[in-house]
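Colleague: For reference, the structure I am asking about is given below.
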């Protein structure tokens, strides 16, 4: 089944994003990275490693210009499912279907992901937090899809 079709099917039958239970270790993290040489684009992906380790791996690849800057991340058990669901929520911002780059602001990504997960990120960059507070968006989710 083509990737875009799979994403659209999941859009019709959304997965409930409440699988991190108190006292349990999540299986992975869904992250949002910005890149110093790609303004306006965010990389939204998942990892079962630490977010810092994944960021360093990406920075070592010669195809990636600049350095990646972590904007926020969420812990989740079914991280690959959540990654697909978040990509579906951001389908209008996708640079290329099947890739993890989106032409979207960190603020919009935050709002969409907050609406999806129903909670604040496990970690957020201080400058993003300040911008959200200044815009009155901190703690506010985008309208559900």
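We did not get these values from a lab; they are worked out from the coordinates using the rules stated. Predicted model, so just to flag it, every value in this text is computed and none were measured. Because the Cβ atoms are built from the backbone with ideal geometry, glycine has one as well, and the counts that use them run over all protein chains shown.
Colleague: Starting from the Cα-Cα distance between residue 41 and residue 127, subtract it from 0.36 nm times their residue separation and give me the gain in nm to one decimal.
Modeller: Value of the extension gain: 29.3 nm.
Colleague: Taking the simple approach of a point 7 Å from Cα along Cα-to-Cβ for both residue 59 and residue 141, what is their distance in nm?
Modeller: 3.3 nm
Colleague: Averaging sequence separations of C-alpha pairs under 8 Å and six or more residues apart, then dividing by the length of the range 43-106, give the relative contact order as a whole percent.
Modeller: With pairs under 8 Å counted, the relative contact order is 36 percent.
Colleague: When a/c is below 1.5 the answer is rounded, else prolate if a/b is larger than b/c, else oblate, so apply that to the range 40-145 with a ≥ b ≥ c taken from the square roots of the Cα gyration tensor eigenvalues.
Modeller: Because its axes are fairly even, with a/c under 1.5, the range 40-145 counts as rounded.
Colleague: Still on this model: Mind giving me the nanometre distance, one decimal, between the label points for residue 120 and residue 69, set 7 Å out from Cα along Cα→Cβ?
Modeller: 2.1 nm
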